[in-house]
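Student: Please read through the structure below; I'll follow up with questions.
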Amino acid sequence: MKGKDLFIIIGIIGIVLMMIIPIPVFLIDIFLILNISLALMILLVAMNTKEALEFSIFPTILLISTLFRLALSISTTRSILQHADAGKVIATFGSWVGGGEVAIGFIVFLILVVVQFIVITKGSERVAEVAARFTLDAMPGKQMSIDADLNSGLINEQQARERRSKIERESDFYGAMDGASKFVKGDAIATIIILMINLVGGFVVGMAMHGLPFQESLQTFSLLTIGDGLVAQIPALLISTAAGLIVTRSASEGNLSDDVTGQLLKYPKMLYIAAGTIAVLGLTPIGPIRTWPYAIILAVGAWYMQKMQAQKLEQEELLVEEQEIEEVRNPESVISLLQIDPIEFEFGYGLIPLADTQQGGDLLDRIIMIRRQCALELGLVVPVIRIRDNIQLKPNEYVIKIKGNTVARSDLLLNHYLAMSPGFDDDSITGIETTEPAFGLPAIWIDESMKERAELSGYTVVDPPSVVATHLTEIIKRHAHELIGRQETKQLIENVKENHPALVDELIPSILTVGDVQKVLAKLLKEKISIRDLVTIFETLADHGPYSKDPDILTEYVRQSLSRQITQQYSPSGDTLRVITVGPQLEKKISESVQQTEQGSYIALDPVSTQQIYQRMNEQVNRQIQSGTQPVVLASPTIRMYLRQILERTMNEVPILSYSELEPNIEVQSVGVVNL
């Protein structure tokens, strides 16, 4: 064994022997001073610990110190009864604390016992019991939190192991403190019993064995007994206080002095109120001599703390400014400027009330609803939309940016309403002519007095926030294919993998890569086909991916698998679907113009034929729009994607479907034919 291990063993055995073997009076004095020193040292350590586990040996020390104190009480009792002497320490405490009066010393001793037993010991015991119970109840939740942090990559295995060990040690510590507090309680009870035994026994022994008169025996043994009780009770009080400090400072972030100065003296204004109250108290018969010095000290302390807090705040501001300047000077700080937000909404200062909740603006709430709507309709998780004011814009102007580039801009009049004509104009409706930004329809801005008349005339009247929300929604739908990249696709794949791991494991990466899947999803979104049914999309890609990696061909297969969804999208109630069909001559012309290359297939039409297709298609589309129905083009599956390539730049909003993308039970009516 090491020397320190042997020393501890001999010390504990010696404590036990003290209860049996008589020891000299001078050793009793030494051990009593040692007991007080150890108790004081334990209290100071408890005051300077930041958390309970830093003093995890405290329950064991509490047991040993209690045993040592009881052994000393037995030794001093033996010496008092046998020799009517227990050393200088006990004699000094007995005569000094009570002023030589037995009654005063006895009362002081009783007060100390009451303070320790009823106040400190009882409170510490209750706090330790509750802390042990709640620590044990909180263990499962803490373990789950550690597992969650480990699975998300916030901590590594070593850190998780350390946290689990800390939780176990906390549970063991508070459980041990709950039991150790019973030692303190028992020590207080034992001290009272020993006092009573010493008083009665000492009085009897003094008269019977030592032959002392009644008065002298009572005086001598009472002072020695009270001195013995005081010498034992003071260390017990210190250790009980240390136990209370340990178990009541579980939510602390520093030692006791830091917490007192940082929390109790945190509000200087409260000290001014306290100083004023003490000063007013001096106007009573108590007198200003006893109260005003304290009021002055409190007021000066409050002024000094305010000054220190101001200096600290100034230093923090200077430090922040220096850090910002240093970051600007740092060559690596340029990297942060390269970050581009996926979607930005910028507006002039005149439109600030739109986004300011204190002025009744609900733009932020509307954007939340837009993201939910896009998730339901398109299956796309729209990135966070950055909202900021821009003094370079006109006061009533706003712009929408996709990846840093402006894709739309318009003006708003906050105190007006946007009225769109039902198809015939009412001359009594007057306002500022404009264009509805989302769909490009002619409209006028009207004021509040004109709103009711416009609604009665059949106009569609909307408020400025609704105009912005509609415009922003349409822009997101129109550019949805630009917002889905590989990272966003990866997130969607992980979401599907939670419920369909076999499907994802088969598809990625053995058949297709994340980039291949992203291209197919982008092509679907480009034609406003929802990708919410990712399971069907992934099943189709897993079936046809081994035979072709061409994203255009894979997209056609996916569209055919989503036939029910596409049919309901263009014929929600199952009504007859009116379409513009492609004539046989045009289909043959397109089929003959398809060129096959190693990178895929593409359409190669001569400019004259391309222009004819534009003209014929434009005639049929305009006829459909004038009749009040949505134009839909129907082509054969073999040429659908090539016709989409031809019309992509001029008629991107016109949907082009194939026969395979429609359900067999839907009735289709041809209202026009496009031919060469």
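Student: For segment 484-561, what is the Kirkwood hydrodynamic radius in Å, using each pair of distinct C-alpha atoms? Don't skip to the answer; put the middle values down first.
Tutor: Working: mean 1/r = 0.0822 Å⁻¹.
About 12.2 Å, per the Kirkwood formula over Cα pairs.
Student: In sequence order, what are the phi-derived ³J(HN,Hα) couplings for segment 410-423 according to the Karplus relation 6.51 cos²θ - 1.76 cosθ + 1.60 with θ = phi - 60°, rounded to whole Hz, with x for glycine and proline?
Tutor: Here the 3J(HN,Hα) series is 6, 10, 10, 10, 5, 8, 10, 10, 8, 10, 10, 5, x, x Hz.
Student: How would Ser240, Ser165 line up from fewest to most surrounding beta-carbon atoms within 10 angstrom?
Tutor: Fewest-to-most ranking of Ser240, Ser165: Ser165, Ser240.
Student: Ranking Ile444, Ile20 by Cβ neighbours within 10 Å, fewest first, what do you get?
Tutor: Ile20, Ile444
Student: Right, next: Go through segment 426-435 residue by residue and turn each phi into a ³J(HN,Hα) via Karplus (6.51, -1.76, 1.60, θ = phi - 60°); whole Hz please, and just put x for glycine and proline.
Tutor: Result, rounded to whole Hz: 10, 5, 6, 8, 10, x, 9, 5, 7, 10.
Student: Assuming R0 = 30 Å, what is the FRET efficiency of Gln491 and Ser145, from their Cβ-Cβ distance, to the nearest 0.05?
Tutor: 0.80
Student: Tell me, rounded to the nearest percent, the portion of alpha carbon pairs in segment 537-676 spaced more than 26 Å apart.
Tutor: Beyond 26 Å sits 26 percent of the P(r) for segment 537-676.
Student: Treat each spin label as a single point 7 Å out from the Cα along the C-beta direction, and report the Leu34 to Ile286 distance in nm.
Tutor: If labels sit at Leu34 and Ile286, their model points lie 4.7 nm apart.
Student: Further, regarding this structure: Report the label-to-label distance for Leu6 and Arg372 in nanometres (one decimal), using points 7 Å from each Cα along the Cα→Cβ vector.
Tutor: Reported label-point gap for Leu6 and Arg372 is 7.7 nm.
Student: Listed here are the pairs Lys403/Lys528; Lys403/Lys490; Lys166/Lys490; Lys477/Lys588; Lys490/Lys588; which of them are more than 29 Å apart at the Cα?
Tutor: Working: Lys403/Lys528 20 Å; Lys403/Lys490 19 Å; Lys166/Lys490 36 Å; Lys477/Lys588 33 Å; Lys490/Lys588 40 Å.
The answer is Lys166/Lys490; Lys477/Lys588; Lys490/Lys588.
Student: Roughly speaking, what is the stretch gain from Lys166 to Asp447, that is 0.36 nm per residue apart minus the C-alpha to C-alpha distance, in nm to one decimal?
Tutor: So the extension gain works out to 94.5 nm.
Student: Suppose the chain between Tyr602 and Gln630 were pulled fully straight at 0.36 nm per residue; how much longer would it get relative to their current alpha carbon spacing?
Tutor: Difference between extended and current length: 7.3 nm.
Student: Here is a follow-up. Expected output is a single nm value to one decimal: the length gained when fully extending between Ile432 and Gln585, i.e. 0.36 nm times separation in residues minus the C-alpha distance. What is it?
Tutor: Values: separation 153, 0.36 × 153 = 55.08 nm, distance 4.90 nm.
Gain in length upon complete extension: 50.2 nm.
Student: For segment 609-614, in order, what is each residue's ³J(HN,Hα) by Karplus, 6.51 cos²θ - 1.76 cosθ + 1.60 with θ = phi - 60°, in whole Hz (x at glycine and Pro)?
Tutor: Each residue's phi maps through the Karplus curve to give 5, 4, 5, 5, 4, 4 Hz.
Student: Sort Ile234, Ile656 by Cβ crowding within 10 Å, fewest neighbours at the top.
Tutor: Values: Ile234 19, Ile656 23.
So the residues, fewest neighbours to most, are Ile234, Ile656.
Student: With a/c under 1.5 counting as rounded, go ahead and sort segment 343-479 into rounded, prolate or oblate using the C-alpha gyration tensor (a ≥ b ≥ c being the square roots of the eigenvalues; past the cut-off, prolate if a/b is larger than b/c, else oblate).
Tutor: Verdict is prolate for segment 343-479.
Student: Hey, another quick one. Please list, or write none, the aspartates and glutamates whose alpha carbon is within less than 12 Å of the alpha carbon of Lys589, excluding same-chain residues fewer than 8 places away.
Tutor: Partners within reach: Asp606.
Any read-out appearing in this document is the output of simple, stated calculations on the displayed coordinates, not a laboratory observation. The structure presented is a predicted model; accordingly, all values stated were derived computationally and were not measured. Reconstructed Cβ throughout: ideal geometry from the backbone, glycine too, with neighbour counts over all protein chains shown.
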